[in-house]
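First the structure, in the form of structure tokens, and then the observations on it.
Just so it is clear, none of the values below were taken in a lab; they were calculated from the coordinates. Quantities reported herein were computed from a predicted structural model and do not represent experimental measurements. Cβ atoms come from the backbone with ideal geometry, glycine included; neighbour counts cover every protein chain shown.
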Amino acid sequence: MSMPASFNVATDIAVFTVRADVLNVLLIERACQPYKGSWALPGGFLTENEGLDQCAARELTEETGISGVYLEQLGSFGNPGRDPRGGVVSVAYFALVPADEHTVEAATDAASARWFAVDDLPELAFDHAVILQEAHARMKAKLDYSTIAFCLLPQEFTLGNLQSVYETIKAEPLDKRNFRKWVLALDVLEETGAKRIEGAHRPAKLYREKSPGIIKIIR
């Protein structure tokens, strides 16, 4: 009769934002072993009497200073050998952050924290490259059936800002007229009554979500 496995539970969080039309992910430089000095996703071990969602939110705040953002559970990762400290199952999350709305401050066991372009990453500790790849794929897929991309925008934005976010994540151009027709037909936006001048173009209308913070499934 085989003995039950002994393992610890951790959470790891892939945090995305769009900065200057480039998709970025937030990484921390590990201050402790294992992988001291290496870059990794924010995260840490589940404590007693703590739920998974609470652990992910706490670790994100403790290691990066970011709080109050959209968090979604991605999946579990528990291949043997993924952590040199022994059996560790990680429940991974991804988070979406509006650009420049949160100050990044490394703390606890993170020596530093900074944004990296998803297409230009350093080598990552543990199996975090796999987690990040799956988080990126999940986020990209959800663009087609939810309003998740709105979590990457400030409270007020133009339709051009929104289209830019979609194009950045999808890595492909979108037809302006069709995109705007589709977005407005969702009936999730309302005009603020204000306009913003963007470059040499005429002032663009500013919009906001009718129900901010609520992800709508659109099909």
Tell me, what ³J(HN,Hα) does each residue in region 183-197 have, in order and in whole Hz, if you take phi through Karplus 6.51 cos²θ - 1.76 cosθ + 1.60 with θ = phi - 60° and put x for Gly and Pro?
5, 5, 5, 5, 6, 10, 10, 9, 6, 8, x, 9, 9, 10, 8
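What's the FRET efficiency of L186 with Q133 using the Cβ-Cβ distance as r and R₀ = 35 Å, to the nearest 0.05?
Plugging the Cβ-Cβ distance into 1/(1 + (r/R0)^6) gives 0.75.
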Cα-based Rg of region 8-85 per 2.2 N^0.38 Å, rounded to two decimals?
1.15
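Could you sort 27-38, 167-178 so that the peptide with the highest average Cβ count within 10 Å comes first and the rest follow in order?
Details: 27-38: 16.2, 167-178: 12.3.
Top of the packing list down: 27-38, 167-178.
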In straight Cα distance, which aspartates and glutamates are under 17 Å from K142, not counting same-chain residues fewer than 8 positions off?
E72, E134, E167, E172
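What number comes out for the charge environment of A171, summing +1 per Lys or Arg and -1 per Asp or Glu over other residues with Cβ under 10 Å away?
Numbers: positive: K140, K170; negative: D119, E167, E172.
Value of the local net charge: -1.
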Over the chain, what is the percentage of antiparallel beta bridges among all DSSP beta bridges, to the nearest 5?
75 percent
Return the long-range amide H neighbours of A10 (sequence gap of 5 or more, or a different chain), with a cut-off of under 5 Å between placed amide H atoms.
L46, V89, S90, V91
Rounded, prolate or oblate: which fits region 120-219, taking a ≥ b ≥ c as square roots of the Cα gyration tensor eigenvalues, rounded meaning a/c under 1.5, else prolate when a/b beats b/c?
prolate
Please give the peptides 155-166, 91-102 ranked by average Cβ packing (other Cβ atoms within 10 Å per residue), highest first, as a rough proxy for protection.
91-102, 155-166
Among (1) 8, 32, 32, 18, 8, 2, 0, 0; (2) 7, 27, 28, 19, 13, 6, 1, 0; (3) 8, 34, 40, 17, 2, the entry derived from the coordinates for P(r) over Cα pairs in 10 Å bins from 0, in percent
(1)
